[in-house]
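Report on the structure given below.
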Amino acid sequence: MIVQMLSEVEEAVAEIRAAFPQHEVRATPAADGGAEVTVEAVGLGERYEPRTSFVGFRVHSSYPFSQVYPHFLRADLRKVDGSPLPSPGMTPNQWRGQAAIMVSRSSNGWNPNADTAVGKLHKVLEWVRFDA
Amino acid sequence: MSWSVAIAERDYELLRGHLFPGDGDEHGAVLACGLSETGRGTRLLVREVFPAEDGKDFVAGQRGYKQFAPLFVAEKSDYCRDNRLAYVTAHNHGGRDRVGFSEDDLRSHERGYPALVQMTGKPVTALVFAERAVAGDVFVGSGRDELASVTVLGPTIRMLRPEPTGSCAPTEDAYDRQALMFGHGGQAILGGLKVAIVGLGGGGSLINQMLARLGVGHILAVDPDEVEVSNLSRILGATRRDALGVLPNVGLPLLRQLAKRTARSKVAVAERVALEANPKVRFEAVRGDVTDPDMSARLLDCDFVFLATDTIQSRHLFNQVVHQYLIPGAQIGAKVPVDKGGAVGDVRVVVRPVVPDSGCLWCGGAISPAQLNREDLKPEECERQRYVEAPNVHEPSVITLNALGASQAANDFLFMFTGMHEPNTRLRGRFQWARRRDWEDIGDKPDPLCRHCGRGPKSAYARGDGVRLPTRAG
């Protein structure tokens, strides 16, 4: 079976590539027409060790009507000051069959006419960098 | 090939107001239309109405009385080509209940329309209106056809034709009493309808019974599930044998499992119930999930769709079908909140008529993007992400609550098609807070940018076969 992304999903991936030109962005088409997207080596700031992580997330076939949630970071991420990662915002889980930290930032007010996968990615990163 | 036009009431009123301002003169407009092609014919779906300004866009004719100005034709046909829409002109003649094209009109179509067909890559159509009639001349690549009707979709669904249809045959005895309310003509309308019911659980099974007894001619029932014992309190006509299969009294769990494989599907039970009520009904029992492409395609030649399911994905699909294909519908449901201690909260029944002009489920907040995302997850992901609303978790459900919603929705449907709604009736959705016996109208706040009911460039509104439906990949 040929697996292909839907045009709305392709558009979302293109916007992510454009917003992260220095990063490798991998998008694996899913059987439902969505995609599993991984943005490599994204900076998380000095509060974390390691300071960078991949960010993984699924853009579902129902995008942009469905929100993009959750996001995943590398499993060995920890706070430099030794404090625990906030729970339930950042909890152990899996991404593409591997251990990962799941970042739970649900957008209850998601608006399919205004919100985008890349916009959500920026919001999640801002929360991880400054508020988590 | 049968041709027809579907137009939302708001657009029709805009068009009618422009064509019949009360001056007795001729006026013109262009309609940009999506297309829907099914086994029942091709429908032109009005997406936009462009009134032609008198003296500038609609001017004195060189051969006939009036004509569209060449620049206006060029602009609007380019617009249709660029947006993959069909170009339709509309103008008016005098008269009330009968209308037809003049010889000048027909010759003008022959001169200009074949080139417009080539240019836009779509059929090109002319409509001529009288106050309560319309005729149409359709040009396609291979020839020319007459338009059968224009359907105006609002709280009352009106069908305009070139002239009044003949009187209807007397109604069968079985329908005598109801025909006393809406007449033989109303009964004939019901007999000519194809109506879909998506979800044949508590609510859907009641609607099925009502449609069959009303004399609806063709029912399409879609549901993936078989009857379970826990459904017997709600599904009309379902028996223990339907739920348990050929060996209903077997005690051994393994044998019971095997016997259950012979349980009857909900749509098969619905078929039995409908045929008992009306042996003449044409019934299509389709076992499947409406979000599968093959299933959703079956809705597209229906005149009305009832949605009585639990999932947000089916709600999303239904809402897009209504707006993309201009097929009116109604969604029903009931919610019985129960907290962890077992206390019952505010019990709610909902009925939402959804027509192209009003009731959009997205604009009304009835589709949760978060829930839509959750329903996209695989079961193991659901488990890992610790969602409590996992599949197979049964929520409270009671037949009396189902009946409140089903009855209102079926009555709305009946009154829409038989013209029983009073003028200016608004088709608002309603909540019934059952424990307080309160009814509450659901406000309608359409978002112009909505991708379903809005008219922005990303909206699916009236695009018909031009855009894909939100189905699961096949």
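A few notes on this one:
- Placing a pseudo-label 7 Å from each Cα along the Cα-to-Cβ vector at B:K335 and B:E395 gives an inter-label distance of 0.7 nm.
- Measuring how big segment B:356-474 is from its alpha-carbon positions, Rg and Dmax come out at 18.3, 54 Å.
- When the convex hull of its Cα atoms is projected in every direction, mean area for chain B (nm²): 25.9 nm²
- As a calculated quantity, the FRET efficiency between A:A19 and A:D76 at R0 = 41 Å, using C-beta atoms, amounts to about 0.95.
- Look at the dipole of segment B:60-200 built from charges on Cβ: of B:V140, B:A130, B:Y79, the Cα furthest out on the positive end belongs to B:Y79.
- Under-5 Å amide H pairs with B:S149, H placed in peptide plane, nonlocal only: B:V5
- Debye intensity ratio I(q)/I(0), log10, the protein assembly as shown, q values 0.08, 0.09, 0.12 Å⁻¹ (C-alpha model): -0.67, -0.83, -1.25
- Taken about its Cα centre, chain B carries a charge dipole of roughly 1280 debye when the Cβ of each Lys and Arg holds +1 and the Cβ of each Asp and Glu holds -1.
- For B:146-159, mean number of other protein chain Cβ atoms within 10 Å: 0
- Segment A:67-132 - charge dipole about Cα centre, Lys and Arg +1 at Cβ, Asp and Glu -1, debye rounded to 20: 120 debye
- Burial ranking of peptide ranges B:188-195, B:428-435 (average Cβ count within 10 Å, highest at the top): B:188-195, B:428-435
- 13 Å reach of a label modelled at B:K378, 7 Å along Cα-to-Cβ, counting backbone N of segment A:58-88: none
- Here the calculated FRET efficiency for A:E126 and B:D82, from their Cβ-Cβ distance with R0 = 45 Å, stands at 0.70, rounded to the nearest 0.05.
- Among the chymotrypsin sites (Phe, Trp or Tyr not before Pro) within segment B:320-421, those in coil by DSSP and having at most 15 neighbouring Cβ atoms inside 10 Å are B:Y387.
- Angle between chain A longest axis and helix A:117-126 axis [Cα atoms, degrees, rounded to 10]: 0 degrees
- Relative contact order of segment B:300-380, defined on C-alpha pairs under 8 angstrom at six or more residues apart (%): 30 percent
- Rounded to the nearest 5, the antiparallel percentage of DSSP beta bridges internal to segment B:141-244 is 40%.
- Partner chain coverage, peptide B:47-54 - average Cβ within 10 angstrom: 0
- Kyte-Doolittle mean at least -0.5 and Cα axial length at least 24 Å: DSSP H helices in chain B: B:399-418
- Unit charges at the beta carbon, dipole of chain B: most positive-side option, B:Y12, B:S368, B:G456: B:S368
- Approximate spin-label separation A:E10-A:E49, in nm, with each point projected 7 Å along Cα-to-Cβ: 4.5 nm
- For the listed peptides B:236-243, B:308-315, a ranking on the average number of other beta carbons within 10 Å per residue, highest first, reads B:308-315, B:236-243.
- Under the simplified labelling scheme, the B:C168-B:R287 pair shows an inter-label distance of 3.6 nm, with each label point 7 Å from Cα along Cα→Cβ.
- For the protein assembly as shown, a crude dipole built from +1 on the beta carbon of Lys and Arg and -1 on the beta carbon of Asp and Glu, taken about the Cα centre, is about 1460 debye to the nearest 20.
Each reported figure results from applying straightforward, stated rules to the coordinates on display, with no laboratory input. The structure presented is a predicted model; accordingly, all values stated were derived computationally and were not measured. Using ideal geometry, Cβ is built from the backbone for each residue, glycine included, and neighbour counts are taken over all protein chains shown.
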